[in-house]
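To start, the structure itself, in structure tokens.
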Amino acid sequence: MRFVHTADWQLGMTRRFLGAGRVGQAVGEAQARFAQARLDAVAALGRVAADEGAAFVVVCGDVFESNLVGPDVVGRACEALRSFTVPVLLLPGNHDPADASLVMRRADFTRRCPPHVTVLDTPGVHEVAPGIEVVAAPWATKRPLSDLVGDRLRALEPAPEGVVRVLAGHGAVDVLSPDEQNPAVIRTAECRAALADGRVHYVALGDRHSTWQLHGEPRIAYSGAPEVTSHEETDPGNVLVVDVGADGAASVRPVRVGRWTFAREHAVVDTDDDLAALDARLDALDAPERTALRLAVEGTVTLRQRARLDEVTEAHAPVFAALEVDTTAVATRPDDADVEALGLTGFAAEAARELADAARDAADPAALDALALLHRLAVAR
């Protein structure tokens with residue numbers, strides 16, 4: 001039996017840093033493209049399910065960013081789900097728990113939701129097709145007081161012969177969670193035991209946006225988000241195609257559906273050649289319109305080179321979805337050529353030289369700011 005494991009669509013998600021660094025460009029434009037990309041990833045994973053001959057798709061929590069998303073988000077989600085050709089199972093997670101406000105019980109969802117979609121808002125065993133069962137461990141509140149996956153596993157007997165059983169859960173596992181006191185942490189030992197005695201054949205998890213499998217037990221896995229959501233994620237943008245054999249053995253294969261990149265770059269600039277190299281490097285990055293880049297720069301530059309650094313980053317900012325530049329590690333040390341470039345004479349030239357000496361020798365930030373202002377005024381002439 002083959003199925004597709006995915007999670008953490010978080011449709012309706014916003015990212016305030018999108019558009020950062022753009023001059024005269026609305027942040028909303030990049031955000032709108034990001035929102036569409038999340039729907040495109042959903043449609044892409046539907047095509048993966050069809051192409052792979054999957055029996056079903058299970059979404060392990062956080063289908064929506066929250067239960068408060070607007071009807072526009074709900075309507076577009078339902079349209080994306082309509083394109084699927086296999087059953088789709090939606091599990092409530094911590095972002096969209098199955099409480100009184102559950103978005104997947106709202107009229108705008110139920111009215112448009114296609115018939116091949118099932119909401120796993122009831123804990124327990126759900127038959128997907130003859131010989132295929134999914135055990136649902138939905139969140140009913142944002143703060144569960146127990147290991148919901150463990151609760152479901154302890155209630156199970158071994159699967160009947162010929163039945164393949166998949167556990168669908170959401171939350172942090174104990175080997176990754178930094179909060180050992182959290183009662184909702186998923187105990188991997190219980191998952192291992194349930195796999196060993198045949199109560200389930202695969203543990204499909206959501207919540208972690210990075211693709212991950214438990215070391216030594218690949219049948220316990222996070223699919224990760226189908227489209228990147230954070231610079232801290234490792235290998236997001238995948239779904240997992242899972243094959244479970246009659247003997248309970250499983251193989252897991254990631255398939256990429258995401259197209260965006262949240263990247264980090266580091267550059268050292270000390271010379272004009274370094275600045276030219278940085279310019280070329282930014283120019284060579286693929287698909288900047290789908291890239292949110294955090295660039296950290298360090299080095300020691302003259303006033304002219306610092307102005308050139310600003311020119312380089314400002315020139316590239318409009319083509320990126322976001323370009324955030326950290327120059328806190330850049331030291332500016334004016335030289336004699338900086339003063340000569342101002343074109344000053346007499347008392348003004350002498351004052352500029354004194355400011356340059358103070359900024360260079362005493363690293364006086366006030367002197368540097370004053371000299372930088374002079375430089376900008378001179379350039380403006």
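The values are calculated or read from the model by the stated rules, or taken from the named source; none is laboratory data. Since we're looking at a predicted model, the values are computed, not measured. Please note: Cβ atoms are built from the backbone with ideal geometry, for glycine as well, and neighbour counts cover all protein chains shown.
State which residue is nearest to Ser66 (Cα to Cα) when the search covers only segment 113-168 and only residues that are among the aliphatic types (A, V, I, L, M) and without any contact (Cβ under 8 Å) to a residue 40 or more places away in the chain. Spell out how you get there, then give the answer.
To start, the set of residues in segment 113-168 that are among the aliphatic types (A, V, I, L, M) comprises 117, 119-120, 125, 128-129, 132, 134-137, 140, 145, 148-149, 153, 155-156, 159, 163-164, 166-168.
The next check asks that each one be without any contact (Cβ under 8 Å) to a residue 40 or more places away in the chain; those that pass are 117, 119, 145, 148, 155, 163, 167.
Working: Val117: 19, Val119: 15, Leu145: 20, Leu148: 20, Ala155: 29, Val163: 34, Leu167: 23 Å.
If we take residues in segment 113-168 being among the aliphatic types (A, V, I, L, M) and without any contact (Cβ under 8 Å) to a residue 40 or more places away in the chain, then Val119 is nearest to Ser66 (Cα to Cα).
Of all residues in segment 260-279, those satisfying the criterion of being over 27 Å from the mean Cα position of the chain (by Cα) and not β-branched (Val, Ile, Thr) are Asp270, Asp272, Asp273, Asp274, Leu275, Ala276, Ala277.
Looking at segment 330-346, which of its residues are in a helix (DSSP H, G or I) and either within 27 Å of Leu275 (Cβ to Cβ) or modelled with pLDDT under 70 (or both)? Correct list: Asp336, Ala337, Asp338, Val339, Glu340, Ala341. Per the conditions (1) free of Cβ contacts under 8 Å to residues at least 40 places away in the same chain; (2) more than 16 Å from the chain's Cα centre (by Cα), the sole criterion not satisfied by Val228 is (2). Among the residues of segment 246-260, which ones are assigned to a strand (DSSP E or B), surrounded by 15 or more Cβ atoms within 10 Å (Cβ to Cβ) and either modelled with pLDDT of 95 or more or not assigned by TED's automatic domain parsing to the domain that holds Pro218 (or both)? Passing the criteria: Val252, Pro254, Val255, Arg256. In this structure, Glu311 does satisfy being more than 29 Å from the chain's Cα centre (by Cα), loosely packed, with under 15 Cβ neighbours inside 10 Å, not hydrophobic (A, V, I, L, M, F, W, C) and not assigned by TED's automatic domain parsing to the domain that holds Val164.
For the condition basic (Lys, Arg) and either within 22 Å of Asp8 (Cα to Cα) or at pLDDT 95 or above (or both), Arg308 does not qualify. Return the residues of segment 122-148 that are within 15 Å of Asn94 (Cβ to Cβ), surrounded by fewer than 19 Cβ atoms within 10 Å (Cβ to Cβ) and among the charged types (D, E, K, R); say none if nothing qualifies. Matches in segment 122-148: Lys142, Arg143. Within segment 192-211, the set of residues being among the hydrophobic types (A, V, I, L, M, F, W, C) and within 19 Å of Arg2 (Cα to Cα) comprises Leu195, Val200, Val203, Ala204, Leu205.
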